[in-house]
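Shown next, in structure tokens, is the structure this report addresses.
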Amino acid sequence: MECWVLNESLSVILVSTLAWARASAVCLNFNCMLILLPISRNLISFIRGASICCRGPWRRQLDKNLKFHKLVAYAIAVNATIHIVAHACNLERYHQGQSAEARGLLAALSKLGDTSNESYLNPIRTFHTNTTSELLMTITGISGLMISLAFILIVTSSTEFIRQTSYELFWYTHHLFIIFFISLAIHGAGRIVRGQTPESLLRHNVTFCRDHYAEWQAAAPCPVPQFSGKEPSAWKWVLGPVVLYACERLIRFWRFHQEVVITKVVSHPSGVLELHMKKRHFHMAPGQYILIQCPSISWLEWHPFTLTSAPQEDFFSVHIRAAGDWTGALCRAFGAEGQALKEPWSLPRLAVDGPFGAALTDVFHYPVSVCIAAGIGVTPFAAVLKSLWYRCCEPQPPPTLSKVYFYWICRDSRAFEWFADLLLSLETRMSEQGKTHLLSYHIFLTGWDENQVIHIALHWDENTDVITGLKQKTFYGRPNWNNEFRQIAYNHPSSSIGVFFCGPKALSKTLQRMCRLYSSADPRGVHFHYNKESF
């Protein structure tokens, strides 16, 4: 009843913009409650590990956590725009309610509060008030401005261009979410939106008195209505997720103080730094990733890197290529980029958070898996292929996975020589074990010059590829995905096939379309399940 009367009273002054402002506010509260959940990595990893309640398509939805995070941010942007525009109209309506031209119930409600025994409904008390300056002198106005500025900076610095050119700018501005949530929690404390008090409702006959506003003091059923500000509720929506995310950061702080021992540093000719590390109670699965912080470079920045070691190894490793300010500084700190490698005692300290689950952890859950990498996207598959080798060496390898197809599309193979070396080692070991049928790999080189073409043609008849040194010859150009998917579907009828990809969006859309195109409508036929790596 109180909510109805609040809207009934205010709607006389504000007309329909009140509904727009209130509805968008509820949507904002709901979306602000959701925005932190997809980036709670430990929560996501915990849910992924609970295989009883998270299987099949539900598990694949968890891999879209960042996409969901962005969609929620877009929803916040849309509803915030509606909320701001609606309240701008509300301020103007409040202002008009105090004008000399205002008549009837609008004027009666707006003038309430002028005497000592009345409370006001209209926060604009005189017509000559500057509404903008009046608003900015309130808690609601200041906090609303802070919310808007923080959100604009967060959104604009989250564009793909900014993330690629200056990841540090993206990282630091994203921490304005602290100001965003503090301002959101106190935004309603100004109590500009007001409604009739419960005590006044008991004495004031709303249905009768709205048509007898001139008799409010004289008529017994119509005493002067009393109003009070609406209790703020935004903090109730966001309290749970904020506490959950605070626990997430406490876990990271605890892991920050755990010792990480760097056992090996390798500087590859291709400008890639390989780090081998050890840490107590560190347990990983193929395809997972970690967050790394180097306090000597930055006390705040944590950067994600896919683990390139297998769980069976007594260390965990990452391969880092200098692709920005932070990674460049890290490579220099470890003596990479043509410098002499440093002694172990002089290496900078690293902190590690994780590991966290990702789409690739499901590679071994399918009877047939298709792994597709483009450029630097090949890194996540290193741990998968290493783990595949170790599983082949077991006396009784797990029966679930029977075949892996691996596709690597790169512009310049020399940029990832370390991975070609890994493939060569894997090829040799599998040949020795008689397990070559388990892995079928295809390398596609999309960039070459005239000198390379001549060199390749002269050495084409050799047993190994002139570019990679592998027995499998390198293909030149891009794969014909129709032919590839058609052949895989033909080779494995009535199979559930997992497709795992890490690379650019354009190719991702193509592969998604191929998975839908070559999946059978018959439940007993072949089905391709698409999984995209993102973190």
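Rule-based calculations on the coordinates, nothing more; no lab input. Note that the coordinates shown come from a computational prediction; the quantities given were computed from them, not determined experimentally. So basically every Cβ, Gly included, is an ideal-geometry build from the backbone, and we count neighbours across all protein chains shown.
Key figures
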read-out: Förster-model FRET efficiency, 41 Å R0, Leu424 and Glu160, C-beta, rounded to 0.05; value: 0.75
read-out: Packing rank of 497-503, 372-378, where each peptide gets the mean count of other beta carbons within 10 Å, highest leading; value: 497-503, 372-378
read-out: Out-of-range pairs (alpha-carbon distance over 23 Å; input Lys264/Lys435; Lys403/Lys532; Lys64/Lys505); value: Lys264/Lys435
read-out: Label-point separation, Ala214 to Gln96 (7 Å along Cα→Cβ), nm; value: 2.4
read-out: Estimated FRET transfer efficiency when R0 is 35 angstrom, pair His128-Thr81 (beta carbons, to 0.05); value: 0.70
read-out: Highest average packing first - 89-95, 244-250, Cβ atoms within 10 Å; value: 89-95, 244-250
read-out: Relative contact order, percent, region 140-208 [alpha-carbon distance under 8 Å, six or more residues apart]; value: 43
read-out: Estimated inter-spin distance, Ala329 and Leu244, nm [label 7 Å along Cα→Cβ]; value: 3.3
read-out: Net length gained if the chain between Ala506 and Asn117 were fully extended (0.36 nm per residue, minus Cα distance); value: 133.3 nm
read-out: Per-pair calculated FRET efficiency, R0 = 22 Å: Glu417 and Ser440 via Cβ, rounded to 0.05; value: 0.50
